[in-house]
Amino acid sequence: MSSRRTVSLITLGCARNEVDSEELAARLEAAGWQTDDDNPDVVVVNTCGFIDSAKKDSIDTLLAAADSGAKVVAAGCMAERYGAQLADALPEATVISFDDYAEIGQRLDDVLAGRPLVPHSPRDRRTLLPITPVERSAARAHIPGHGDALPEGVAPASGPRTLRKRLTGGPVASLKLASGCDRRCTFCAIPAFRGSYISRRPEDLLAEAAWLADQGVKELVLVSENSTSYGKDLGDLRALEKLLPRLAATEGIERIRVSYLQPAELRPGLLDVIASTEKVAPYFDLSFQHASGTVLRRMRRFGDPKRFLDLLAQIRERAPEAGIRSNFIVGFPGETQEEFEELMGFLEEARLDVIGVFGYSDEEGTEAYGFEGKLDQDVIDERVATLTELAEELTAQRAEERIGTELEVLIEEDLGDGGYEGRAAHQGPEVDGAVTVQGIGLVPGQIVQAVAVDSEGVDLIARIKAVT
């Protein structure tokens, strides 16, 4: 085998997967592998296994990678969820588990040498950790993206102690707070293949934040399956309130953004910290999923329009210009026309900046998979189209409301001809709108003070007042 072994990592799905891929990249570098996207020996596809469309995208990507002539490895959520079943259906790829991540270099050596690997049988990863959250830190189970130590005697070939290698540049990076989920939403399979909730320790997060700042990162996006549960397994339900000011004090970091907040767990103290801490963006990524109380109960979730509107009022009382986004599932089993209209009525009052709309899809292994009252696909499609049209109208109106307001814009991209694209505090990366400004000599990572002068859909056009 050649001493020079090259690998390309392709990441699909959410920001949490991006962090996992960067852990894999660091482990592979420590094992002597080099990243090469042009002519790799092995392509590792970090798959998504959340919903049907994501699984199809993962399979298409694996097949395209195989067509390149490289060896192909399926990692990530879909690989973990289906294991041997995926390996049988897709012989073009070698399927690995999260448990293989700690020895990923050796696994890829086996793949390159043609040594067969026995694919794993899927199991409920919640069984790998104690039921009691505070007992989980002593358990031994590999948690992707948590930066577990390298094997004894192995040190990174270069770089800091943080077990992470950035695969993309830019001034924004995700920082994983925790993995897994203890909630039992009837539509969601994630807890079964991601496992129970386990937080990363504050000291590890602070060290990784400092490392990212040294890499030129200006904004940290805190990600997990449920950020409001951070610290429950560390014995401190206020751990996130305490962590945010410490992260914001990291030299070089200019903005902290928290994502994946559960409305039912959003405590007043956490609201206060997000709304008032310097360098913490007043940004609330709320997992509503629906607004009808009866639908939410069938989803095994909590809330109704009044409770949600009260929460939004509390947020805006503390931070009038806060950015607020959420996702919604339509066509859930048994959803009536009245329940759907209740959701539309809520959205008309909520004034959200971003609204994601998804049609319900059956996921094997979930409680809802066995529910009666499944809606015909054409009904689901019609409701998705109706709600999407309403969402586009409402979010465009919300953007118009921001015309004339002052914005702190983090420049992310030079568009050429004096145009630059960035994001204000109320806009999350990739999934939300953006701000376009005109300037001279700006560079990604700079922050400019600007005033919104126009809008195009959810995007804003702004005039620069000052450069930080």
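The values are calculated or read from the model by the stated rules, or taken from the named source; none is laboratory data. Just so it is clear, the structure is predicted and the values come from calculations on it, not from any experiment. Every residue, glycine among them, receives a Cβ derived from its backbone with ideal geometry; neighbour counts consider all protein chains shown. Heavy atoms of the whole protein, side chains included, go into the accessibility calculation; ligands, DNA and RNA do not. Shrake-Rupley method; radii C 1.70, N 1.55, O 1.52, S 1.80 Å.
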What the Cα atoms of the chain span along the principal axes, largest first and in whole Å, is 62, 59, 46
What is the Cα coordinate range of the stretch 166-209 on the first, second and third principal axes, sorted by size from largest, in whole angstrom?
37, 24, 13
Of all accessible surface on the chain at a 1.4 Å probe, what whole percent is carbon and sulfur?
49 percent
Distance between modelled label sites at Arg115 and Glu203, nm, 7 Å Cα→Cβ extension
3.6 nm
At 7 Å along the Cα-to-beta-carbon direction for both Glu400 and Asp67, put a label point, then send me their distance in nm to one decimal.
4.4 nm
In Å², what does the accessible area per residue of the chain work out to with a 1.4 Å probe?
43 Å²
Counting other Cβ atoms within 10 Å, which GluC sites (Glu not before Pro) in the stretch 318-405 have at most 10 and lie in a DSSP loop?
Glu364, Glu372
Tensor-based shape of the stretch 279-371 (alpha-carbon gyration tensor, a/c under 1.5 rounded, otherwise prolate or oblate):
prolate
If you place +1 on the Cβ of every Lys and Arg, -1 on the Cβ of every Asp and Glu, and leave all else neutral, what size is the dipole of the chain about its Cα centre, to the nearest 20 Debye?
1840 debye
Could you rank Val44, Val453, Val357 by how accessible they are, 1.4 Å probe, largest area first?
Val453, Val357, Val44
Please give me, ordered by residue number, the GluC sites (Glu not before Pro) of the stretch 204-269 that lie in loop per DSSP and have at most 10 other Cβ atoms within 10 Å.
Glu251
As a test, work out the antiparallel percent of DSSP beta bridges whose residues both lie in the chain, rounded to the nearest 5.
35 percent
